[in-house]
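K.L.:
Got a structure for you, questions after.
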Amino acid sequence: MWWRRLKTRPPTFSLINPEPTAANRHAAMTRQRIGTYFSALKDVHDQNNFNQFLERVWNMDETGIQAAHKPQKVIAAKGTKTVHGKASISRDTITVIACGNALGRSIPPYFIVPGKTTKKLHGFDIESCTDPTSPIHGAKFSVSDSGWTEEGIGQIWLKDHFLPKARSQLLIFDCHGSHNSTEFLKIARAKSIILGELPSHTSNWTQPFDRAVFKSLKNSWNTQVDNFVKHTGASLGHSSFLRVFGKKERLMMEVYIDMPRCWHR
């Protein structure tokens with residue numbers, strides 16, 4: 001009874017399911033802490049006139065995508081209990097390091113495949129990344145035991161992948177150990193790269209890629225894999241990974257249209 005009456009007073013709210021968030025993230029996300037971060041970031045912008053050169057303000061982050069996907073909805077008769085959909089059986093998780101700037105420009109993705117040696121890359125058709133007409137021209141690969149970004153890979157990404165395409169820039173990233181090492185900092189300083197580290201345990205709120213890009217990327221990826229499985233009847237394998245990722249819809253490129261908007265949220 002009290003709930004029905006309460007709803008009639010301020011009809012602008014309703015019951016929703018909250019997103020599970022670790023307690024340490026709630027504790028880290030304080031007004032004072034975030035205010036201090038953005039105040040320092042503003043000082044860096046003002047001192048280097050980045051507000052007039054937004055193409056120099058970059059953000060990088062990584063996320064995992066899986067070859068396995070969730071089949072999309074299909075039409076079925078009412079009352080149907082079970083409907084089966086073709087799905088990819090591969091359980092590999094491949095990490096994508098993405099980097100884009102405040103104007104929406106991106107550099108090619110950097111993929112990390114789980115494995116102990118580069119033999120794991122055999123069959124990925126990496127040669128297609130050298131084709132200038134490919135939507136993922138310039139993409140690069142590495143391997144790691146865990147399949148996630150490690151310290152050495154973070155340094156390789158900065159030195160061989162980011163720096164040739166962007167110099168004298170501000171690079172914003174989270175405090176993951178792979179890009180928070182002494183060597184990483186030395187390389188950045190030597191090349192006049194200003195590093196802006198997001199406050200620890202706040203990336204789900206403050207990381208631009210998490211806020212506006214990766215959800216779109218994963219939704220588009222799931223759709224592309226579902227279409228591939230339906231049309232070919234085969235699971236997504238290494239040989240078809242780049243072909244699906246680099247479809248004519250330019251999967252990785254299109255999601256960056258949200259990048260300029262997410263800087264101002």
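K.L.:
I'm trying to understand the selection: among the residues of segment 188-223, which are of a type in the set (Gly, Ala, Ser), outside any loop (DSSP other than H, G, I, E, B) and in contact (Cβ under 8 Å) with a residue 24 or more places away in the chain?
P.N.:
Within segment 188-223, Ala188, Gly196, Ser203, Ala212, Ser216, Ser220 qualify.
K.L.:
While we're here: Can Glu183 be described as at pLDDT below 85, among the charged types (D, E, K, R), closer than 27 Å to Ala166 by Cα and outside any loop (DSSP other than H, G, I, E, B)?
P.N.:
no
K.L.:
In addition: Quick one: which of Ile89, Ile94, Ile136 is outside any loop (DSSP other than H, G, I, E, B), under 17 Å from Phe241 (Cβ atoms) and of a type outside the set (Asp, Glu)?
P.N.:
Selected residue: Ile94, the only one of Ile89, Ile94, Ile136 that is outside any loop (DSSP other than H, G, I, E, B), under 17 Å from Phe241 (Cβ atoms) and of a type outside the set (Asp, Glu).
K.L.:
Name the helices (runs of 4 or more DSSP H) wholly inside segment 1-75 in which the number of residues that are loosely packed, with under 10 Cβ neighbours inside 10 Å is 2 or more.
P.N.:
In segment 1-75, 2-8, 31-48 are the helices (runs of 4 or more DSSP H) which contain 2 or more residues that are loosely packed, with under 10 Cβ neighbours inside 10 Å.
K.L.:
Hey, can you tell me all the residues within segment 224-240 that are small (Gly, Ala, Ser) and in contact (Cβ under 8 Å) with a residue 12 or more places away in the chain?
P.N.:
Gly233, Ser235, Gly237, Ser239, Ser240
K.L.:
Can I ask one more? Given (1) free of Cβ contacts under 8 Å to residues at least 12 places away in the same chain; (2) of a type outside the set (Ser, Thr, Tyr); (3) farther than 22 Å from Lys218 by Cα, identify the lone condition not met by Lys116.
P.N.:
(1)
K.L.:
With respect to Ala190, determine if the residue is surrounded by fewer than 16 Cβ atoms within 10 Å (Cβ to Cβ) and farther than 29 Å from Arg91 by Cα.
P.N.:
yes
Here's the yes/no breakdown for (1) more than 28 Å from the chain's Cα centre (by Cα); (2) farther than 30 Å from Ile94 by Cα; (3) not aliphatic (A, V, I, L, M):
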position	(1), (2), (3)
Pro20	no, no, yes
Ala28	no, no, no
Gln32	no, yes, yes
Met60	no, no, no
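K.L.:
Could you check Phe141 against (1) buried (at least 17 other Cβ atoms within 10 Å of the Cβ); (2) assigned to a loop (DSSP other than H, G, I, E, B); (3) at pLDDT 85 or above and say which number it fails?
P.N.:
Every condition holds for Phe141 apart from (2).
K.L.:
Condition (residue is at pLDDT 90 or above, surrounded by fewer than 19 Cβ atoms within 10 Å (Cβ to Cβ) and outside any loop (DSSP other than H, G, I, E, B)) applied to segment 159-171: is it met by at least one residue?
P.N.:
Taking every residue of segment 159-171 in turn, at least one turns out to be at pLDDT 90 or above, surrounded by fewer than 19 Cβ atoms within 10 Å (Cβ to Cβ) and outside any loop (DSSP other than H, G, I, E, B).
The values are calculated or read from the model by the stated rules, or taken from the named source; none is laboratory data. Just so it is clear, the model here is predicted, and its values are computed rather than measured. For neighbour counting, all protein chains shown are included, and Cβ atoms are generated from backbone atoms with ideal geometry for every residue, glycine included.
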